1. I'd like to check something: does the stretch 105-119 contain any residue that is open to solvent by 10 Å² or more (accessible area, probe 1.4 Å) and among the aromatic types (Phe, Trp, Tyr)?
2. Please determine whether any residue of the stretch 114-123 is of a type outside the set (Gly, Ala, Ser) and in contact with a Pro (Cβ under 8 Å, 6 or more places away or on another chain).
3. Which of the residues that make up the stretch 120-157 are surrounded by fewer than 17 Cβ atoms within 10 Å (Cβ to Cβ) and of a type in the set (A, V, I, L, M)?
4. If you take just the helices (runs of 4 or more DSSP H) that sit entirely in the stretch 1-94, which of them hold at least 2 residues that are among the aliphatic types (A, V, I, L, M) and closer than 20 Å to Pro165 by Cα?
5. I'm trying to understand the selection: among the residues of the stretch 231-247, which are in a helix (DSSP H, G or I), open to solvent by 70 Å² or more (accessible area, probe 1.4 Å) and within 19 Å of Ile180 (Cα to Cα)?
6. State the number of residues belonging to the stretch 248-288 that are closer than 30 Å to Lys140 by Cβ and in contact (Cβ under 8 Å) with a residue 40 or more places away in the chain.
7. Do we find a residue being open to solvent by 30 Å² or more (accessible area, probe 1.4 Å) and either under 27 Å from Asn44 (Cα atoms) or in contact with an Asp or Glu (Cβ under 6 Å, 6 or more places away or on another chain) (or both) anywhere in the stretch 177-189?
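The values are calculated or read from the model by the stated rules, or taken from the named source; none is laboratory data. Remember, predicted model here, so these are calculated numbers, not experimental data. So basically every Cβ, Gly included, is an ideal-geometry build from the backbone, and we count neighbours across all protein chains shown. Each accessible area value is taken on the protein alone, full model and side chains, heavy atoms only, with ligands, DNA and RNA left out. Shrake-Rupley method; radii C 1.70, N 1.55, O 1.52, S 1.80 Å.
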Amino acid sequence: MKKISVIIPTYNRAKVIEPCIMSVVNQGYSDLEILVCDDFSNDNTKEIVEKINADYDYVRYFIRADGKKGANAARNNGIKNARGEFLVFLDSDDILCADSIKLRLSLLEKQADIDMVYGNVKVGHTVVRFEKIQDFKQQKYLLQELSLCPFSVIMVRRESLKGVPLLDTKLLAWQDDDFIMQLALNEKRMFHCGKVVAEMQSGLGEKNISLDFRKRYLGCKRMVKKYKEYIIRERSWIRYFLWKLRVLLDWFAAKSQSSNNRISKYLCKKGYSWLYNILKRFFIHIYG
């Protein structure tokens, strides 16, 4: 049986960390380790994890010595300490569906040329379905969209991460998408399992990154700058211009969220709405 390492970054998730961890324990997979990687929580997250560890010694708690640096720094700590042949990423306010690990592992074991398996996610009563990019030229699709799926639906071979840079700790959003871009640019193959593998519990813990428009704006801006030459080379200068408009779109959203001036807020909302209606014709998804 192949060892699986489940990496759970966390920060102030005391209210939701236990169901997250138990959703992994309840997978019923015997050769498992769960790495809870804390980004210096100031609630009782550590105590809850240690209590679970008393019953399940393969639940391990990690904290770095360099202070709070964000979710990607926590994930990197997990990657460095993982001992499994396969890595599963799970955000601490999400849960795995039944047989999520076995489903994805079976595909990776059957097809040696696949580096990463991902699936769909349930949000409330809605199933969010991600593109099956095995049916496309992966790099061309990803350089068009710069996005694919969240961390919580990803399983990857640890061996496939050799030569791939550690996660970008300067990204405040678009973290999962940047990870996937790095895999793609290192010619790693991704495969959609066609099933729901995780459930998002957003809103139960601390403020979710996806709801922080300033972080989304800064993340989008960094991604476009980071992949500029690839977008132009694989797509076109026109595509790059559309991405610059995407950055402006997120700027409108951030300003409308943060502004205390009613006129400024109104103008930014109007600007966002107008630009969104233009850009939705050119992008399959508008999120990050």
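1. No, that holds for no residue.
2. Looking for residues that are of a type outside the set (Gly, Ala, Ser) and in contact with a Pro (Cβ under 8 Å, 6 or more places away or on another chain), one finds at least one in the stretch 114-123, hence yes.
3. Within the stretch 120-157, Val123, Val127, Val128 meet the criteria.
4. Of the helices (runs of 4 or more DSSP H) lying wholly inside the stretch 1-94, those with at least 2 residues that are among the aliphatic types (A, V, I, L, M) and closer than 20 Å to Pro165 by Cα span 71-81.
5. Taking the stretch 231-247 as the starting set, the residues that turn out to be in a helix (DSSP H, G or I) are 231-234, 237-247.
If we keep only those that are open to solvent by 70 Å² or more (accessible area, probe 1.4 Å) as well, we get 233, 237-238, 241, 244.
The one that is in a helix (DSSP H, G or I), open to solvent by 70 Å² or more (accessible area, probe 1.4 Å) and within 19 Å of Ile180 (Cα to Cα): Arg233.
6. Residues that pass the stated criteria total 9.
7. Checked against the condition, which is being open to solvent by 30 Å² or more (accessible area, probe 1.4 Å) and either under 27 Å from Asn44 (Cα atoms) or in contact with an Asp or Glu (Cβ under 6 Å, 6 or more places away or on another chain) (or both), the stretch 177-189 yields at least one hit.
For every residue, the table says whether it meets (1) in contact (Cβ under 8 Å) with a residue 12 or more places away in the chain; (2) closer than 22 Å to Val153 by Cβ; (3) over 21 Å from the mean Cα position of the chain (by Cα); (4) crowded, with 22+ Cβ neighbours inside 10 Å.
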{"site": "Met1", "(1), (2), (3), (4)": "yes, no, yes, no"}
{"site": "Ile7", "(1), (2), (3), (4)": "yes, yes, no, yes"}
{"site": "Cys20", "(1), (2), (3), (4)": "yes, yes, no, yes"}
{"site": "Asn53", "(1), (2), (3), (4)": "no, no, yes, no"}
{"site": "Leu87", "(1), (2), (3), (4)": "yes, yes, no, yes"}
